[in-house]
Amino acid sequence: MANPKVAFYWCASCGGCEEAVVDLNETVLKVTEAVDIVLWPVALDFKYKDVEAMADGEITVAFINGAIRLDEQQEIAALLRRKSQLVVAFGACAHMGGIPALANFKDRESILSRVYSEVPTVVNPDRIVPQTESVCGRHKLELPGFWDKVCRLDEVIPVDYYLPGCPPMPDTIVNAVMAILEGKLPARGTVLSPNRNMCKECSRLPKKPEKITLSRFVRPYEAVVPDDECFLAHGVVCMGPATRSGCGERCLKGNMPCRGCYGPCDETPDQGAAMLSALSTLIDGTDASATERIAGSFDDIAGTVYRFSASGSLAYKGALLPKGGTK
């Protein structure tokens, strides 16, 4: 019996999810023995035409990491959706938009202007920006279209499962792969990580005060937090109250607050809104001016609470983020 066919693809992301596969170490050898990899551009020389020639549904599972911002990314995602029985949104960017989706706080034109004209080291007096088509002599050069919005993977194609994290932890990956190979997957649409809140399993919980009241927020470098005490009790924003567990507390064990990369639990529709709600209960404000002063000490609110989940968030649907067409 032929091995299951597996595809990996990298869209708008940093590449950490590709490294996470390599971080499986010797386990990756067991995985590769059990499957046939038919697409993995970052590591192996496959061509898109090889995938196009396959029958629809011939690929058992496609792991797609990264958000969607370019025409090419959408086209390859749609191709893999057609050729695959299962599609897994691999990592925070595919799952929720990730760091790239913070660009949704700006529009397409301002981003291009900043990158190609306003950055101090750029010399571009004619303010030339990339075009989808350019003619150079007898040759026509093409680039993929740059969208106005950064999308989660499931905004452009149907997704069967979500593998959270920036990047996903090795055991999260192995458990998901083995569940697929053994046919022991949960209902489609499931996030393949425990649906439990990070704070409830935090190793710092024993020393968390019964009641936390904050007179100001501080950045991590401004506080000395003992490695067994709650960050929030020291005024450092930790995304634990609005984040699911399953990461192994890798940031907390490094004495850094949770960044929220595993996303919210199933019952939380918007991670950023949930975090703001949690923080609002901690502010020790006796009047409006005190509350405003304390809230004003929270540097980069949107970039913190929506660090990984800006795509499709209530903030975007509301009005905090610029509106516009998909492209």
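Mean Kyte-Doolittle of at least 0.5 and a Cα length of 15 Å or more along the axis: which whole DSSP H helices of the chain meet both?
What comes out of the filter, once short or polar helices are dropped, is 170-181.
When Met96, Met256, Met169 are ordered from fewest to most other Cβ atoms inside 10 Å of their Cβ, what list results?
Fewest to most other Cβ atoms nearby, the residues stand as Met256, Met169, Met96.
Per DSSP H run of at least 4 residues, take -39500 (n - 2.57); add these up for the chain, divide by its residues and hand me the 222 nm value, nearest 500 deg cm²/dmol.
Only helices count here, giving -7000 deg cm²/dmol.
What's the magnitude of the charge dipole for the chain around its Cα centre, counting Lys and Arg as +1 and Asp and Glu as -1 at the beta-carbon? Answer in Debye, nearest 20.
Approximately 400 debye in magnitude.
For each pair in Lys49/Lys83; Lys5/Lys184; Lys83/Lys184; Lys5/Lys83; Lys207/Lys253; Lys30/Lys253, compute the distance between the two Cα atoms and list the pairs where it is over 20 Å.
Table pairs above 20 Å Cα-Cα are Lys83/Lys184; Lys30/Lys253.
Give me the Kirkwood hydrodynamic radius of the chain, using the inverse of the mean 1/r over all pairs of distinct Cα atoms, in Å to one decimal.
21.6
May I ask you to sort Thr304, Thr132 by Cβ crowding, counting other Cβ atoms within 10 Å and putting the fewest first?
In order of increasing Cβ crowding within 10 Å: Thr132, Thr304.
Please enumerate, by chain and number, the aspartates and glutamates with C-alpha under 20 Å from the C-alpha of Lys200, excluding those fewer than 8 residues away in the same chain.
Glu210, Asp227, Asp228, Glu229, Glu249, Asp266, Glu267, Asp270
In what sequence do Arg307, Arg138 fall when counting other Cβ within 10 Å, fewest first?
Going from least to most buried by this count: Arg138, Arg307.
Residues with beta-carbon under 12 Å from that of Val42, excluding Val42: net charge, scoring Lys, Arg +1 and Asp, Glu -1?
Spelling it out: positives minus negatives among the neighbours equals -3.
If you count, for each residue, the other Cβ atoms within 10 Å and average over each peptide, how do 239-246, 208-215, 273-280 line up from highest to lowest?
My ranking of the peptides, most packed first, is 239-246, 273-280, 208-215.
Test of understanding: what is the full-extension gain from Val22 to Arg216, defined as 0.36 nm times their sequence separation minus their Cα-Cα distance?
65.7 nm
Count charges around Asp56 for me, please; just the other residues with Cβ under 9 Å from its Cβ, Lys/Arg as +1, Asp/Glu as -1.
Its environment carries a net charge of +1.
Calculate the dipole size of the range 227-307 relative to its Cα centre from +1 charges on Lys and Arg beta carbons and -1 charges on Asp and Glu beta carbons; express the result in debye to the nearest 20.
The dipole of the range 227-307 has a size of about 280 debye.
Among Gly57, Val115, Gly97, whose Cα lies farthest out toward the positive end of the dipole of the range 46-133, if unit charges sit on the beta carbon of Lys, Arg (+1) and Asp, Glu (-1)?
The listed residue farthest towards the positive side: Gly97.
Could you give the size of the charge dipole of the range 103-234 about its Cα centre, using +1 on the Cβ of each K and R and -1 on the Cβ of each D and E, expressed in debye and rounded to the nearest 20?
Charge dipole, the range 103-234, about its Cα centre: 240 debye, nearest 20.
For a protection proxy built on the mean count of beta-carbon atoms within 10 angstrom, sort 117-125, 224-232, 159-167 highest first, please.
The peptides rank, most packed first, as 159-167, 224-232, 117-125.
Coordinate-derived values only; no laboratory data. Values in this document were obtained by computation on a predicted structure and should not be read as measured data. Cβ atoms come from the backbone with ideal geometry, glycine included; neighbour counts cover every protein chain shown.
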